[in-house]
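Have a look at the structure below before the remarks.
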Amino acid sequence: MKKGHNYNILDLGLSKLRFTIFDDKLTQQYSEIKSLFNQNLYLNSNEQIIYLIKNAEEKISSHIQDIVLMFDANHLISIDLSLSKNLDQSSELKKVYNSLLLELNQIINSNYSKYKIIHTIVSKVIIDDIIYDNFPEKINKVNNIKIEFKLICFPQKEVNIIKENFNKNNLNITHYYCSSYLKTLFYLNKLNYNKISFLEIGLKKSYLLNYDNHKLKSIHTVPIGGYHISNDISKIFKIDFSEAEEIKKLFNRSDTEFSYDIKQNNNDIILNKILSKNIQVDLLKKVILYRVQEIMDMTFKKSSPVNKDYNDYKLFFIGEGSLLFDNNTFHLNDKFEFKSINFCSLSDFEICEAGLKYLLDDQLPVISNKKQGIFEKFFNLFGK
């Protein structure tokens, strides 16, 4: 990387813009968030993006042109493909791999022309009848190879609209990343368990990502999120949406057992706020849980990798919408008997940091004999 070059990481969500600039030494130079609540779509967030960019340029006294963009498409798909080559004579692994990538792109262009490949994930490699979970660094020549790929793809139309909007403002998107995928990878580096399901409840969408042995097995999305929970609260208790949103956020921070007796909770401003609206707490919990149950039913119905064997999987609720359940007691349907149910969150800065970590190791499996790649060095640098 050139000296003086910056990494400009922008996470484009439905409720927030997160923008962080790292210098060539991977030190944070600038970081800011911008609320997008009540925006119809992230496609309508141009003014806020330009505000962040101009403000950042003033702070760092430098022009910003290239952007690494993290976002979640409205209609992402995942594709599993297996490609192989049987060679007459030994060939260099890197060349064979690159030829398979070319073939992979041709297949997608021919059969999924309306989609753009965002992530190409290697699930398994079989070289000369030996199975590898990752690319073997010490093998240079191969006779036969088979690679199982998993692709995360976004609608090309959606990507084009975003690209055009950025180009109009003289901004060049150098990389497109799936935000939910990068965030769950960031979590995985902190967890020491093989089978994990991540459920991210976003503003208007929720995502389920299943991992086995740190390999992505599936990713699914449903068009329900925290917005719908607030909307339910608003309609059922006949209060303004803004009040429903406030109560939901206050409810996030409650760490006490719920009771109708205000005297028992006189130190809990949150409960007093809820009770002052004549809202039955038990009913409030039921309203919230109903939507969560619906999200889980819909996402896990689509999910085949876990094969309904939930007791082997640890479930992690992530994302701001999931904070709703962190300090509150909820009981899921008996059919979801996970090994454990956990809650974790990333700060706004950590989300951009997740983008930077992935960027530094973004190129598809690098085949070399180096003992430590740039990702490991970066990971150690941050002391995780």
Check: more than 30 Å from N46 (Cβ to Cβ) and hydrophobic (A, V, I, L, M, F, W, C): does that describe I162?
Finding: no
Test: I139 is part of a strand (DSSP E or B) and either surrounded by fewer than 17 Cβ atoms within 10 Å (Cβ to Cβ) or without any contact (Cβ under 8 Å) to a residue 40 or more places away in the chain (or both): no
Screening D133, D88 for residues that are over 29 Å from N210 (Cβ atoms), exposed (fewer than 13 other Cβ atoms within 10 Å of the Cβ), modelled with pLDDT under 90 and not assigned by TED's automatic domain parsing to the domain that holds I219 leaves only D88
The correct count of residues that are crowded, with 21+ Cβ neighbours inside 10 Å and among the hydroxyl-bearing types (S, T, Y) in region 188-206 is 2
When region 98-127 is checked residue by residue, the ones that are surrounded by 15 or more Cβ atoms within 10 Å (Cβ to Cβ), in contact (Cβ under 8 Å) with a residue 40 or more places away in the chain and within 17 Å of I77 (Cα to Cα) are L104, I108, Y112, Y115, K116, I118, H119, T120, I121, V122, S123
Check on K150, of a type in the set (K, R) and modelled with pLDDT under 95: no
Pairing a residue in region 10-31 that is more than 13 Å from I351 (Cα to Cα) with any residue that is of a type in the set (V, I, T) and surrounded by fewer than 16 Cβ atoms within 10 Å (Cβ to Cβ), where Cβ atoms lie under 8 Å and the two sit 6 or more apart in sequence or on different chains, gives Q29/I60; Y30/I60
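For every residue, the table says whether it meets (1) in contact with a Leu (Cβ under 8 Å, 6 or more places away or on another chain); (2) modelled with pLDDT under 75.
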| residue | (1), (2) |
| --- | --- |
| K285 | no, no |
| N311 | no, no |
| D334 | no, yes |
| S340 | yes, no |
| C344 | no, no |
| E350 | no, no |
| Q363 | no, yes |
| K371 | no, yes |
| F375 | yes, yes |
Exactly one of K235, K183 is crowded, with 22+ Cβ neighbours inside 10 Å and outside any strand (DSSP E or B), and that residue is K183
Filter region 48-70 for residues that are at pLDDT below 95 and within 30 Å of V222 (Cβ to Cβ); the one that is surrounded by the fewest Cβ atoms within 10 Å (Cβ to Cβ) is Q48
When (1) in contact with a Lys or Arg (Cβ under 7 Å, 6 or more places away or on another chain); (2) outside the structural domain of K249 (by TED's automatic domain parsing); (3) more than 30 Å from L87 (Cβ to Cβ); (4) not hydroxyl-bearing (S, T, Y) are applied to E148, the one that fails is (3)
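The values are calculated or read from the model by the stated rules, or taken from the named source; none is laboratory data. Quick caveat: nothing in here was measured; it's all calculated off a predicted structure. Using ideal geometry, Cβ is built from the backbone for each residue, glycine included, and neighbour counts are taken over all protein chains shown.
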